[in-house]
Structure formats: structure tokens, C-alpha cells
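What follows is one structure encoded as C-alpha cells, with my remarks underneath.
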Amino acid sequence: MNFVIAHGTRIGGRRMNQDREGHWSTGDCLLMVVADGMGGHPHGEVAADIAVLMIGAAFEREARPRIEDPHAFLFRAIGAAHAAILREAERRELSDTPRTVLVACVVQDGTAYWTHVGDSRLYVVRGGRVVHRTRYHTVVQELVDSGRIREEAAMTHPERNRLLQCLGGYQTPRPDPTSHARLAKDDVVLLCSDGFWNPLTQRQILHSLMTRELAPAIEELAELAERRAGPSSDNITVVAMSWGEGGALSADAEVEHTAVQDLTATDLDYLRVSDADIEKAIEELKIALRKRPQ
């Protein structure tokens with residue numbers, strides 16, 4: 001595969017960075033993940049760490065060198081991450097569970113496959129246009145979808161931060177049906193936390209991506225998001241890929257959706273994730289946390 005990756009994270013105006021991102025690849029397959037640990041609950045950074053680690057570990061097991069079924073992979077991996085977060089909360093005897101939102105994307109055979117839980121976002125940018133974008137799981141998004149408020153009003157709505165779904169909560173997450181779309185040469189697939197997309201206009205994102213190479217564009221946008229958000233800036237995290245293969249596709253090509261069932265976090269046999277897999281991932285997480293600069 002021919003692609004370029006750029007990524008970055010900033011603490012913003014917060015006491016700690018609860019965002020996490022990761023990307024893994026083989027010769028035939030790429031995985032990108034962004035998780036945004038939720039404030040207001042204990043150890044959001046732990047939930048984000050576990051989510052990214054579990055999905056990355058699943059990729060390393062199953063991408064040999066391709067994922068057999070990207071739709072099923074994303075479904076299982078997110079379910080396993082949710083289960084692992086609950087298991088870790090029980091092990092620590094926490095009064096409340098750590099929680100995170102997440103967006104994940106697999107690129108394989110010239111096609112991007114993605115899904116998300118919460119308000120982290122994915123964009124597919126082609127020829128100066130956003131041709132695909134996820135819709136976040138919030139009360140305000142439901143108001144926009146039902147036509148009760150305009151999208152412009154969502155940015156300042158008092159309920160804009162009220163999430164309807166997350167990983168690690170008491171309710172089982174329901175990711176959107178996995179979506180997939182063929183990629184054209186020079187498409188950009190961008191995954192980010194709300195600290196990145198919320199302060200920026202779509203015009204600003206497109207301008208940087210169209211006028212700069214990917215890495216400096218991502219750096220510029222992260223800096224701009226932090227500056228526009230001011231002292232109260234959220235954590236800012238992004239991972240993006242510029243696709244280097246394929247011919248021209250219609251800019252209006254329709255995204256396709258594949259329905260999935262609700263996740264069942266307690267049914268680990270169905271998720272095809274063993275207790276040993278979860279325990280191993282948590283041990284790897286502890287090692288990673290010890291190595292991380294303070």
C-alpha cells in the first residue's frame with residue numbers, strides 16, 4: 001500500500017491529556033484509532049489507553065497480512081475494548097467506570113472502513129471537499145437530525161457535550177453501522193477528537209489540507225484549534241492518512257453501510273476475545289504506562 005501518515009496530540013488547557021491515538025499497518029492493511037477519555041468520570045485516560053491498546057492488539061493478531069472481514073473486526077474489537085474497560089474498573093474496585101469515546105478506521109484493498117462511538121470524528125476529504133463525515137452521538141446531533149435546530153446552533157447549544165454513547169459506561173455501546181467507501185488518489189482520511197474539530201471550521205480544515213503537505217497541515221490545524229479554543233482548550237488529538245493509490249472516483253460517490261448488532265460486552269465467546277487476551281492487554285497497558293514520560 002502507498003500512503004502517508006501524520007499524527008499528533010496536545011494537552012491544551014487541561015491538567016492532563018486523556019486522548020490517545022494509534023496506527024498500525026501491514027503490507028496490505030492499515031488501522032487508525034483515536035480515543036478521547038471522558039472527563040467527569042475517573043481515569044478517562046485509562047479507558048482511552050485500554051481501547052486503543054485492545055483494538056491495536058486485535059489488529060496485530062488478525063491482520064495476516066489482511067483483515068478477513070473489516071466490518072466484523074471493528075465490531076468485535078470495540079466490544080472487546082468495552083469489556084476490558086469494565087473488567088479493569090472491577091479489578092480496581094472503582095466507584096464509577098472509566099469511559100471513552102472512539103473512532104476507528106481500517107484501510108484495505110483501496111477501501112476505508114470505519115465506525116465510531118461518541119463524538120470523535122472521521123472525515124474523508126477529496127479534491128477540496130468533505131465527501132464523508134461521521135455524525136456524533138449527542139443529544140444535540142439528534143436535534144439537528146430531526147430538524148429542530150440548525151447545525152450552526154449546535155456549537156453553542158447548552159447540551160452540546162451530553163453524550164449518548166461511550167465505551168465503559170453501564171449501557172452497552174451501539175456503534176453506527178460500519179461504513180465503507182472506495183478511496184481515490186490523494187484522498188485524506190482524518191480521525192480526531194472533539195478538541196481538534198470543535199474549534200475549527202470545515203473551511204479551515206480543507207484549506208490546510210489542500211495547501212500543505214499532510215504533516216505540516218496537521219500540525220498547523222492542531223495549533224490553530226488550540227489557539228482558537230483559548231485557555232479552556234480541550235485535549236487535541238488527530239491521526240490522518242493521505243492515500244497514494246487508485247484512480248479518480250466520483251466526488252459524490254455514495255458511502256455504503258453494513259449493519260451490525262448491538263455489542264454484548266459480557267459475551268466474550270461471541271466477541272471471540274478470551275479472558276487471557278484481555279488480561280494480557282491490561283498487563284501490556286501497565287508496562288506502557290510505566291514507560292510513558294511523566
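The values are calculated or read from the model by the stated rules, or taken from the named source; none is laboratory data. The structure displayed is predicted, hence computed values, not measured ones. Positions of Cβ are generated from backbone atoms using ideal geometry, with glycine treated the same way; all protein chains shown enter the neighbour counts. Quick note on the areas: whole protein, heavy atoms, side chains included, nothing else; ligands and nucleic acids left out. Shrake-Rupley method; radii C 1.70, N 1.55, O 1.52, S 1.80 Å.
Of all residues in the range 169-217, which are open to solvent by less than 20 Å² (accessible area, probe 1.4 Å) and in a strand (DSSP E or B)?
Result: Thr178, Ser179, Ala181, Val188, Val189, Leu190, Leu191, Cys192.
Is it fair to say Ile205 is modelled with pLDDT of 95 or more, touching a His at 6+ places or on another chain (Cβ under 9 Å), among the hydrophobic types (A, V, I, L, M, F, W, C) and under 22 Å from Asp119 (Cβ atoms)?
No, not satisfied.
One line per residue, one yes/no per condition, for (1) charged (D, E, K, R); (2) within 13 Å of the chain's Cα centre (by Cα):
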site: Val4; (1), (2): no, no
site: His7; (1), (2): no, yes
site: Arg10; (1), (2): yes, no
site: Gly27; (1), (2): no, no
site: Gly39; (1), (2): no, no
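Any idea which of Gly37, Gly27, Gly13 is surrounded by fewer than 19 Cβ atoms within 10 Å (Cβ to Cβ) and touching a Ser or Thr at 6+ places or on another chain (Cβ under 9 Å)?
Just a single option satisfies the conditions, and that option is Gly13.
Please state which one of Ala57, Ala51 is more than 16 Å from Leu190 (Cα to Cα) and surrounded by 24 or more Cβ atoms within 10 Å (Cβ to Cβ).
Step by step, each of Ala57, Ala51 is checked, and only Ala51 is more than 16 Å from Leu190 (Cα to Cα) and surrounded by 24 or more Cβ atoms within 10 Å (Cβ to Cβ).
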